[in-house]
Amino acid sequence: MRIPFDRGARRDATVAVAIAVIVACAAGTAYAAPLGSMTLTAAPMVTVPLASGSFGPNDSLASAFGAAVGLEYALPARVPLALRLTGAYSAGGFLPVDGVEVDGTLTELTVLAGAGTGMPLSSALSLRGFADGGLAMGRLNSGDGVLYGSARAGAGLDLRLSEALAMRLDASWTYMFGLYGGFNATLGLNYALPVAGNAGTIEFASADVGAVFPVLRSYYDDNAVGSARVVNAGNRTLTGLKVSFVVPQYMDAPKECAVIERLAPGESVEVPLYGLFNDRILGVTEATKASAEIRVEPSSGRAQSKTVTVVVYDRNALTWDDDRHAAAFVSSKDPWVLDLSGNIAAAVKDSRNPEIPENLQSAIAFHEGLRAYGIGYALSPNRPFATGAVDAGAVDSLKFPRQTLGYRAGDCADLSVLYASFFEAAGIRTAFITVPGHIFMAFDSGLSRAEAAARAMDERELVVVDGRVWIPIETTLRSAGFVEAWRAAAAQWREARLGDVAGFYPVHESWEEFAPVGLPADGSSVTPPAASAVRAGFESELAKVVALELKARLARLGARPSSGAARFLNERGVLYARYGKYDDAERDLAAALKEQYAPAAINLGNVALLRGDYKAAYDRFSQASKQDPENARIIVSLARAAAALGRSDEVAGLLERVRAIDPATADRYASLADAQSVTGRAAQAGKEETIWF
């Protein structure tokens, strides 16, 4: 029996070539396999014969089944092409003719050679195109074999299961010249054969590590200190490359900078380099050079490393390309800062005015305390802040607070850092303010904009940001008192704001990127200034602040009316009392009481309590309580006086009366009954907020 050749099949040879070219061009520009690699494919195969001319069903041949084995070699040159060699065997029967079964089997042994190209669709999936041509030997049953030409063109998908193994699906249009055309499909596995030589070579195209500033040692943990470009110079894809960076002299362990999941042959990746530096770097007092290692380690294969030289500046060095760098020097936990700020606060404890905001009084204490300590102003012998403002890349030298205290002098940046450290040690938030060529600081007053307005504070002397009120201080005015330093800083802020050249950098927000760094403890200690000198300066400046604020509030209150002045006199008397002007307060309150203004009597009791005349206060509150027995606020005032007199049983009874009227108020003042001694109860009564009427 002869093999039934199809005379029209030859016409389609040119169609096969055309399809092969189109598929190859559409497939992309980079073959999916690594350059220079050899892969082996094995797959079962099915062929569906079709009529060559009409592409309709073949009337003679049934579908054939078999298997195919192939080799591919990806050219090592940067050409998107792989050479292919495929062998296949298939067997298929014949279709019935006019309802009559046709015995026999057509077996075909095919050997094809060709080329393919492809492109990746994702890290695991790639698209391929190919075209092959060669010879086939067909045999009917045990008859003689017949040679004829064969060609095919098609496309396929590779799904990578591992670095060496992939699942491969191919579909192609196959031509058996003179016999039939048909559709061919295979689904099998593709295995990458091991490659000798430079299969996994890693090279560094570049390595650029900038200068390291010790004060920013924590910053480099999340922000690059340099970069390196890693190249796969081998002929197979590398996976799981871990890139690390270490400066052994100043790092406890290498810092893992990146994991490159996949790096194809010839591909390169720019990797940022990070470093977590230890405390030893803070011991660098002169700029020095150190060796650093960049290491790349693939999941399999040999690691590669590169040694580079790093410039490490001294611990005081910084640049002003970002003014927030100064925040890293703010050391609120430095032993000298804690010791000295605590001593200053203790020296003025009994001189505070209850009406002035606590943060403002702490500011007065710190400014006057540092003046008493002898801190002076001196330009930096290296590069002042003004130079850094002009040249952001210039390396400046900034002192840590302990160094400024030790030298007893500093420039504007040194003093601003010192002040900020004192305030932060006391739990008061700070900010740096920059104007052209200069830096100073501000502290959070603890007041909102509305609260400052209620106190008649002049907003021109304040820095208002997001509804919060900050008070600036010109730290370089060492011979001036606090009020003058405040006004000088406010004037600079106003002028710079008009020119839109002022910078405002809250320290806590800056710490989020530039964490604070302190000098290692060395066992040294600081000698605080005389408490009397601190107290004298504090009381003098506090008196100025009281006078300014009281004057503004009295001006807002206005002049005494010609008639019905009792209410006015009571309000002014309370205002005097709040600021500790007790003689003036008693004068106005007594005048209001003469006009039968009942609240004035209670407020006179408050003044007596503030003066320490507890008996007179008790009598005033007791009389008022008899006249208005359901007024919880009067009963609380009476309880305060009773507590100061040591009448604990009476205090408990009075607080029970308050609870029956107003439980919330009773809870607020429950501590009046807690003190165990007469002295303790008197102290507790003094701490409670005065209730003015």
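Of note:
- Meets criteria (of a type in the set (Val, Ile, Thr), touching a residue at least 60 places away in the same chain (Cβ under 8 Å), not assigned by TED's automatic domain parsing to the domain that holds Asn223 and not in a loop (DSSP other than H, G, I, E, B)) for Val546: yes
- Failed condition for Leu415, given (1) touching a Ser or Thr at 6+ places or on another chain (Cβ under 9 Å); (2) hydrophobic (A, V, I, L, M, F, W, C); (3) farther than 18 Å from Gln403 by Cβ: (3)
- Residues in segment 578-591 that are over 23 Å from Arg352 (Cβ atoms) and either more than 60 Å from the chain's Cα centre (by Cα) or aromatic (Phe, Trp, Tyr) (or both): Ala590, Ala591.
- Unique match (being surrounded by 13 or more Cβ atoms within 10 Å (Cβ to Cβ) and of a type in the set (Gly, Ala, Ser)) among Ala555, Ala566: Ala566
- Every condition in (1) surrounded by fewer than 17 Cβ atoms within 10 Å (Cβ to Cβ); (2) without any contact (Cβ under 8 Å) to a residue 60 or more places away in the chain; (3) not basic (Lys, Arg) holds for Ser123 except the one numbered (2).
- Test: Val651 is part of a helix (DSSP H, G or I) and touching a Phe, Trp or Tyr at 6+ places or on another chain (Cβ under 9 Å): no
- The lone exception for Val330 - which of (1) of a type in the set (Val, Ile, Thr); (2) in contact with a strand residue (DSSP E or B) (Cβ under 6 Å, 6 or more places away or on another chain); (3) crowded, with 23+ Cβ neighbours inside 10 Å it fails: (2)
- The single condition from (1) buried (at least 16 other Cβ atoms within 10 Å of the Cβ); (2) more than 22 Å from Trp470 (Cα to Cα) that Pro506 fails is (2).
- Annotation: of all residues in segment 612-627 being exposed (fewer than 15 other Cβ atoms within 10 Å of the Cβ) and in contact (Cβ under 8 Å) with a residue 24 or more places away in the chain, the one that is farthest from Phe693 (Cα to Cα) is Lys615.
- Of all residues in segment 102-120 being under 15 Å from Ser172 (Cβ atoms) and small (Gly, Ala, Ser), the one that is surrounded by the fewest Cβ atoms within 10 Å (Cβ to Cβ): Ala113
Matching residues to (1) in a strand (DSSP E or B); (2) of a type in the set (A, V, I, L, M, F, W, C); (3) touching a strand residue (DSSP E or B) at 6+ places or on another chain (Cβ under 7 Å):
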{"residue": "Glu108", "(1), (2), (3)": "yes, no, yes"}
{"residue": "Arg128", "(1), (2), (3)": "yes, no, yes"}
{"residue": "Asp132", "(1), (2), (3)": "yes, no, yes"}
{"residue": "Gly138", "(1), (2), (3)": "yes, no, yes"}
{"residue": "Asp144", "(1), (2), (3)": "no, no, no"}
{"residue": "Leu147", "(1), (2), (3)": "yes, yes, yes"}
{"residue": "Gly156", "(1), (2), (3)": "yes, no, yes"}
{"residue": "Met167", "(1), (2), (3)": "yes, yes, yes"}
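- Among residues of segment 469-515 being in a loop (DSSP other than H, G, I, E, B) and touching a helix residue (DSSP H, G or I) at 6+ places or on another chain (Cβ under 6 Å), the one that is nearest to Val215 (Cα to Cα) is Phe514.
- Test: residue in segment 466-478 that is of a type in the set (Gly, Ala, Ser), under 17 Å from Gly369 (Cβ atoms) and either assigned by TED's automatic domain parsing to the domain that holds Ser341 or modelled with pLDDT of 95 or more (or both): no
- Unmet requirement for Leu447, which otherwise passes all of (1) in a helix (DSSP H, G or I); (2) touching a strand residue (DSSP E or B) at 6+ places or on another chain (Cβ under 6 Å); (3) hydrophobic (A, V, I, L, M, F, W, C): (1)
The values are calculated or read from the model by the stated rules, or taken from the named source; none is laboratory data. Since we're looking at a predicted model, the values are computed, not measured. Neighbour counts run over all protein chains shown; Cβ positions are idealised from the backbone, glycine included.
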